[in-house]
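Data block below; observations after.
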Amino acid sequence: MSGKHRSGIDILADESGTGASVERGHVYLVRLKMWLNRGDPVRWKHPWGFIDRARLEDDGQTLISDLRVDRENLIAGIFYGIDGMCIGGTRTLQIAPHLAYGQQGVPGTIPENAVLTVEISFLEERRGPGRCE
């Protein structure tokens, strides 16, 4: 499957999961990879998300972390691009700069005005809103 999901977000690939629907405000264990518009992998120097539980693999190219699905923790392109996903699913998105890191970029990691390709997999739900860890 490919196509437009929202202005500035293109779905390049979508593998359905078999678990529950991903819901806003819930925390999930995710696997996340990013590439710049010419195919160069984004290599993070430090993991992000819930830092005490986040780790990097593949020389910083793959983030494995617990992330809360909300606008504070995710760039807009990921937040909106995961609509309709289920646990166990993987989606690849192409995200325009205004829904990613925009004019500021991430110094030393993502250049300004970069188009990003993002692959996100929801591995399991960690907790929903109002639940204790």
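Could you check region 93-110 and list, in sequence order, the residues that are more than 21 Å from P47 (Cβ to Cβ) and either touching an Asp or Glu at 6+ places or on another chain (Cβ under 9 Å) or surrounded by fewer than 16 Cβ atoms within 10 Å (Cβ to Cβ) (or both)? Those that are more than 21 Å from P47 (Cβ to Cβ) and either touching an Asp or Glu at 6+ places or on another chain (Cβ under 9 Å) or surrounded by fewer than 16 Cβ atoms within 10 Å (Cβ to Cβ) (or both): Q94, A96, P97, H98, G102, Q103. When R55, R43, R38 are checked against the criterion of being free of Cβ contacts under 8 Å to residues at least 12 places away in the same chain and under 21 Å from G105 (Cα atoms), a single residue qualifies: R38. Scanning for something part of a loop (DSSP other than H, G, I, E, B), small (G, A, S) and either in contact with a Phe, Trp or Tyr (Cβ under 6 Å, 6 or more places away or on another chain) or surrounded by 13 or more Cβ atoms within 10 Å (Cβ to Cβ) (or both), does region 71-88 turn up at least one residue? For region 71-88, residues part of a loop (DSSP other than H, G, I, E, B), small (G, A, S) and either in contact with a Phe, Trp or Tyr (Cβ under 6 Å, 6 or more places away or on another chain) or surrounded by 13 or more Cβ atoms within 10 Å (Cβ to Cβ) (or both): present. Cβ-Cβ contacts under 7 Å between residues 6 or more apart (or on different chains), taken from a first residue in region 110-133 that is modelled with pLDDT of 95 or more to a second residue that is surrounded by 16 or more Cβ atoms within 10 Å (Cβ to Cβ) and basic (K, R), are listed as E119/K33; I120/R91.
Elements of the type strands (runs of 3 or more DSSP E) sitting completely within region 1-68 and holding at least 2 residues that are modelled with pLDDT of 90 or more, loosely packed, with under 15 Cβ neighbours inside 10 Å and touching a Ser or Thr at 6+ places or on another chain (Cβ under 7 Å): these cover 9-15.
The values are calculated or read from the model by the stated rules, or taken from the named source; none is laboratory data. All values derive from a computational prediction rather than experimental measurement. Backbone-built Cβ (ideal geometry, glycine too); neighbour counts: all protein chains shown.
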